[in-house]
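These notes concern the structure reproduced below.
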Number of protein chains: 4
Amino acid sequence: MARRLQVAVSGLGRMGARHAVNYLERTPRAQLVAACDPDPQALAWAKDRLEPYGVTLYRDFDEMLAHEGLEAVVVAGITTEHAPQSIRAIQAGKHVLCEKPLSTDVAISQKVIDVAQTKPHLKVMTGFSRRFDESYRSAFRSANAGEIGKPVIVRSQTCDKFRDDDYFVNYSKTPAPSSVVKSVTAVGTVARYPGLKALGDVDNGVGIVEFWGGKIAYFYASRIMSAGQTDTTEVIGTHGKLTINANPGNNLVEFHEPNGIRREIAQTYYDRFEPAFVRESNEFTEACLDDKELPFKLQGAVQALKIGTYLQESFRSGKKLSFDESGEPIVEEKAKL
Amino acid sequence: MARRLQVAVSGLGRMGARHAVNYLERTPRAQLVAACDPDPQALAWAKDRLEPYGVTLYRDFDEMLAHEGLEAVVVAGITTEHAPQSIRAIQAGKHVLCEKPLSTDVAISQKVIDVAQTKPHLKVMTGFSRRFDESYRSAFRSANAGEIGKPVIVRSQTCDKFRDDDYFVNYSKTPAPSSVVKSVTAVGTVARYPGLKALGDVDNGVGIVEFWGGKIAYFYASRIMSAGQTDTTEVIGTHGKLTINANPGNNLVEFHEPNGIRREIAQTYYDRFEPAFVRESNEFTEACLDDKELPFKLQGAVQALKIGTYLQESFRSGKKLSFDESGEPIVEEKAKL
Amino acid sequence: MARRLQVAVSGLGRMGARHAVNYLERTPRAQLVAACDPDPQALAWAKDRLEPYGVTLYRDFDEMLAHEGLEAVVVAGITTEHAPQSIRAIQAGKHVLCEKPLSTDVAISQKVIDVAQTKPHLKVMTGFSRRFDESYRSAFRSANAGEIGKPVIVRSQTCDKFRDDDYFVNYSKTPAPSSVVKSVTAVGTVARYPGLKALGDVDNGVGIVEFWGGKIAYFYASRIMSAGQTDTTEVIGTHGKLTINANPGNNLVEFHEPNGIRREIAQTYYDRFEPAFVRESNEFTEACLDDKELPFKLQGAVQALKIGTYLQESFRSGKKLSFDESGEPIVEEKAKL
Amino acid sequence: MARRLQVAVSGLGRMGARHAVNYLERTPRAQLVAACDPDPQALAWAKDRLEPYGVTLYRDFDEMLAHEGLEAVVVAGITTEHAPQSIRAIQAGKHVLCEKPLSTDVAISQKVIDVAQTKPHLKVMTGFSRRFDESYRSAFRSANAGEIGKPVIVRSQTCDKFRDDDYFVNYSKTPAPSSVVKSVTAVGTVARYPGLKALGDVDNGVGIVEFWGGKIAYFYASRIMSAGQTDTTEVIGTHGKLTINANPGNNLVEFHEPNGIRREIAQTYYDRFEPAFVRESNEFTEACLDDKELPFKLQGAVQALKIGTYLQESFRSGKKLSFDESGEPIVEEKAKL
């Protein structure tokens, strides 16, 4: 029988469990051989759902790493373990798909990249699920083919019902363009979760990132949407415009009711992007087995994280941050005194 | 000051009152000089709303017809008076805009046309409001320009919340194409107004009209819609398709609510087509003043009425009606015996 | 490891090959163990695509039926073999998923059902892919929950770019309601494929099916669409309306271009319904393994085929067909003489 | 006959001419009695289009102001004359509808307000056409009724094909909320009109305005759109969201073509908002005749202009501007030294 990639998943929380099932059942060229989680409840789930299909379970990541024949690891546990586990997996000679963010710290993220560069034959990727979404791909294909001239403005909104992670860092969800950042500004407000104020966090934020060369990206992120997940992206080019999900709908049904016509929308990020996660598993597997190039560079994750960090810093300081043409922060005059 | 067309309106019920106000206030080249209605309540409304602007009120149609300087009459009273009043107005040398239908009887309708042909300098038109709707016009312009090849199939639905007029005859609302009818079939059902059964009427009907030469039109009409007025037309051509109102919306607002995204739609036929009625008044006025050709021929109204009558006959008899290439009914063999 | 259903696919043409790959890679609880096709080219494809994964290939259906441990067969070859192979598979004690139609002949279809009833422990299903489409399911769930009152009118259109199979029989694609047919009328026209005339076939057809009890279904089918596959269904109830794909779009991208805003749509039936086919494979597998009830009854396929046959007969004879309250054809008076 | 408001229009350029025709023909309760423009070409147009209807033409604004019986003036000429002419008209005891902006200078705008306050019986209004748009009204009505909880975030985009006026000041198009500004940031880029660089102007701009109390408004304005005018507004509340024109379309027609489904959109701001301009004329007239309250306060125009000026200053200086809780600019430390 044709060879299948031997994969393990670290972390069986909500996202990790989804990854595990996707590798078990929806990634034909991969075989899920191992999974680990220190949490007994997560392991109990795995005993029921994964073990019957021949998946070996571990409490300890490093023991799992030693699983015989293991070729690739999906790092999907708590954020603080993303970078350390990725590094150990790379050092053990495994391909790595690490959930985002690599780290909330730019230096630590960069270290993952540095380690990865010592093993250039390994595939090391972060999980930018939108990159695997059919609509985003179709749009980027059109933009890259010059169909809208030269892209100038990007508007992106990521709007969820509930969010409990660190807010502005989530901007790193959107892979950054290759241009050099010129300025970053972010403002935010607390509309429904008063408790966030004490954490220096917000439930609605707006940011602008200006790049050297004339491009501008602006963002809106929210965790108070009523109808559901409404992520929208627009790319405005010199000669055309592309929109992705400007007119959201969950499926093709509309309800004609006494107060109008209604359609339902995806409730969560995973609802919206589930097929993209499956495609991600399959393309990562294919890249490992056939030594194909990954669809994007790991360095982009650090660039995105940097921008997320800048947005957060701009929000917290109340300042607009400026950068020179090499991307270095411009320290304010006053501070020099 | 530039000359304005001297217009009178006969019948001040719901539609007649709208026509009167449209001529009074929204038809710059027309001057509403007279109005009549036998009903005291309608006249009381007119005394308040029209008389202050110099409109002379009459109880009697023929007295109004003798109003000095009168040039054009809008016939908008009860259906049984449409044809008689139109004929008298034409004979008195007035331009006529007659609400549809001219009559529910084909022979009587034809008589209006015959009389109109004795006064070819007069403008005589029936009120096919869709012909004045911007979207229908845009679509028909595209179809006539060959943008969808040769039109083959027309689907039309006229779906209201409430209707108390004679049902199938309302198909005459849609002006018929110039082709010769080959067959007519209609079926109907009573879903919410049980009382209609006794009248031989329905609240939902579906019909097919086949034309010699290969065109087919099919219709759905309903008076039980929940969300509002949902009139939709599709024209399928050999090389493209046009839709009108396939994705209804009242205005440009959408409501994001916990159970989805909602938009409201027009509640009534007049809500949907109000701008078309105003355009109708203005174009009729322009045709009269400048002796321009009307946008469609009066004969079409008789053709449309014939088809409406056939649909009704098909529904009531439970038969498919067939016609030869000159449009004459094909009498069934059995009947010939 | 958990037990997987041992499945074989008969017929590796376009649809059969898709079924084979879906069972191989996208149906976790099934194992594709065998496939057959008399055509050397199809077998060559299978040698490359299926054999490496342990699938045994056969030229002969009956030899494949004897494959050790085989539990279920997907019958997806030429239409004339659907019924014979299904019958032999049932007699051999296999579960059967038979592509539609069971047969273009009502009596032969009924025979499959009769044979199936002799083995009530077997799952025998036809491939009504729309029944597995998320949007259709959501709509039918709402309708069944009474959200639109009592369904009264169904409009269904199935519009493809190209079609080379027998036309009206394809109406059988739409599972029929359980009500008794009262009348059937169909008309059609040839707009772009003049060669169809000689075959007594059309490229655009419109039909009405009236049911005893007051329901009406009407259909439009076409094989001349320019933009792509545009299948739409509306269900009008006494107190609401559901639409499925009234506003088609392939994905969530829109292109803003000098001549307007454009979106692309699915090009083929499979493009539109691919996820439904995968769900069908999975649910059929689950029903076989867990002895669950199938989502619809096989008898519906015969009812749908009967209606398709009536539509074809109505079109070919130019007559409206009528039926009594037990569903028996009402023979015309004249014929009785 | 019922009394009609005696109106004059100053300035017969593109917008002035539209106002003149709207008052002449589409504002039943107003009578256009006079118009002025120093430009012979504009007067030639007026001689042909207005004079036949009894409109007296003037070269000089002040002569026109002395027209006997004149009650109201529409100031629609060049921007630099907006404030001076408005002031003279108010001083002469006329109602004033002044096209926006009152002035590009905040102090001058304020002076108009100050003068207006000396004549409280006069109606003085600026032309915020969106306030008269049916969709904006419907949305604001819903927001004011609490249907989306408390509004938190406003996104507004104003995207034209061509623009040759002063860019950022145009933000003043959007009436500002009553809250006090906390910070303003704007960035911009030149994508298609290189000549704008020399003028310190841009063809694409993004801005954020933060208000004390927690509201945020963010803007995107562009003059390089391909498909046409695409103005969109979103209002996000604590418990719902409203969108206006999120899914633009010019009318109800869609074209099914080989490369997809296409709809056309409004080409210009006037195309999009024409009915709003007509409603504006009628409501201004009604307010003057019946001494009704105007739909919004003149002071809002100054607030909007201030914000536009801040955005421009932020763009030109490259700084984020901050304000204290009374709305006073916070001067940077360094400047104090």
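Since every read-out is calculated from the coordinates, none of them should be taken as a lab result. No experiment lies behind these values; they were computed from the predicted model shown. Glycine also receives a Cβ, built like all others from the backbone with ideal geometry; neighbour counts cover every protein chain displayed.
At a temperature of 10 °C and a viscosity of 1.306 mPa s, determine how fast chain D diffuses translationally according to Stokes-Einstein, using the Kirkwood radius over alpha-carbon pairs as Rh; express D in µm²/s, rounded to the nearest whole number. Estimated via Stokes-Einstein, D reaches 74 µm²/s. Placing a label point 7 Å from the Cα of D:A2 along the Cα-to-Cβ direction, the distances to the matching points in the other copies come to 2.3, 7.5, 7.8 nm, shortest first. For B:V152, nonlocal amide neighbours, meaning residues 5 or more places apart or on other chains whose placed amide H falls under 5 Å from its own, are B:I236, B:G237, B:T238. For the peptide B:183-195, the mean number of other protein chain Cβ atoms found within 10 angstrom of a residue's Cβ is 4. Cross-link pairs exceeding 25 Å between alpha carbons, from the set D:K119/D:K215; A:K150/D:K197; B:K197/B:K320: D:K119/D:K215. For B:V75, B:V55, C:V112, the sequence from fewest to most other C-beta atoms within 10 Å is B:V55, C:V112, B:V75.
Stokes-Einstein, applied to the Kirkwood radius of region C:232-337 over Cα pairs at a viscosity of 1.002 mPa s and 20 °C, places its translational diffusion at 112 µm² s⁻¹. Per-residue Karplus couplings for region C:235-244, computed as 6.51 cos²θ - 1.76 cosθ + 1.60 with θ equal to phi - 60°, are listed in order as 10, 9, x, 5, 10, x, 8, 10, 10, 10 Hz, Gly and Pro entered as x. Within chain A, the longest run free of exposed loop sites, counting GluC sites (Glu not before Pro) that sit outside DSSP helix and strand states (H, G, I, E, B) and have at most 15 other Cβ atoms within 10 Å, spans A:69-292.
Short-range pairs are left out: with C-alpha atoms under 8 Å and at least six residues apart, the relative contact order of region A:37-106 is 27 percent. Antiparallel beta bridges, as assigned by DSSP with both residues in the protein assembly as shown, represent about 55 percent of the total such bridges. Across the identical copies, the 7 Å label point of D:P120, projected outward along Cα→Cβ, sits 7.0, 8.1, 8.9 nm from its counterparts, in ascending order. Which is farthest toward the positive dipole end of chain C among C:N22, C:G214, C:Y310, measuring Cα position about the Cα centre, with Cβ charges +1 (Lys, Arg) and -1 (Asp, Glu)? Result: C:G214. Axis angle, to the nearest 10 degrees, between helix C:269-290 and the longest C-alpha principal axis of chain C: 60 degrees. Measuring from the axis that maps chain C onto chain D, the chain C residue with the nearest beta carbon and its rounded distance in angstrom come out as C:R262, 2. Once you divide the Cα radius of gyration of the protein assembly as shown by 2.2 N^0.38 Å, the number left is 1.04.
Copy-to-copy label distances for B:G93, where each label lies 7 Å from Cα along Cα-to-Cβ, are 4.9, 10.0, 10.9 nm in order of increasing length. For the peptide C:151-157, the mean number of other protein chain Cβ atoms found within 10 angstrom of a residue's Cβ is 4.
Taking every DSSP helix (H) stretch of at least 4 residues in the protein assembly as shown, weighting each as -39,500 (n - 2.57) and dividing the sum by the residue count yields a mean residue ellipticity at 222 nm of -10000 deg cm²/dmol. Counting only other chain Cβ atoms within 10 Å of each residue's Cβ, the peptide C:111-121 averages 0. Neighbour counting of Cβ atoms within 10 Å sorts the residues B:K182, D:K111, fewest neighbours leading, into D:K111, B:K182.
Note: relative contact order over region B:10-49, using C-alpha pairs below 8 Å and six or more positions apart, is 44 percent.
A Förster radius of 30 Å combined with the Cβ-Cβ distance from B:W212 to C:V331 puts the calculated FRET efficiency at roughly 0.55. Counting neighbouring beta carbons within 10 Å and listing from fewest to most, the residues C:S142, A:S326 come out as A:S326, C:S142. Between the beta carbons of D:N144 and B:R49, assuming R0 = 25 Å, the FRET efficiency works out to 0.20 to the nearest 0.05. In a simple Cβ point-charge model (Lys, Arg +1; Asp, Glu -1; nothing else charged), the protein assembly as shown has a dipole of about 0 debye relative to its Cα centre.
Largest first, the three principal axis extents of the alpha carbons in region D:31-153 are 53, 32, 26 Å in whole numbers.
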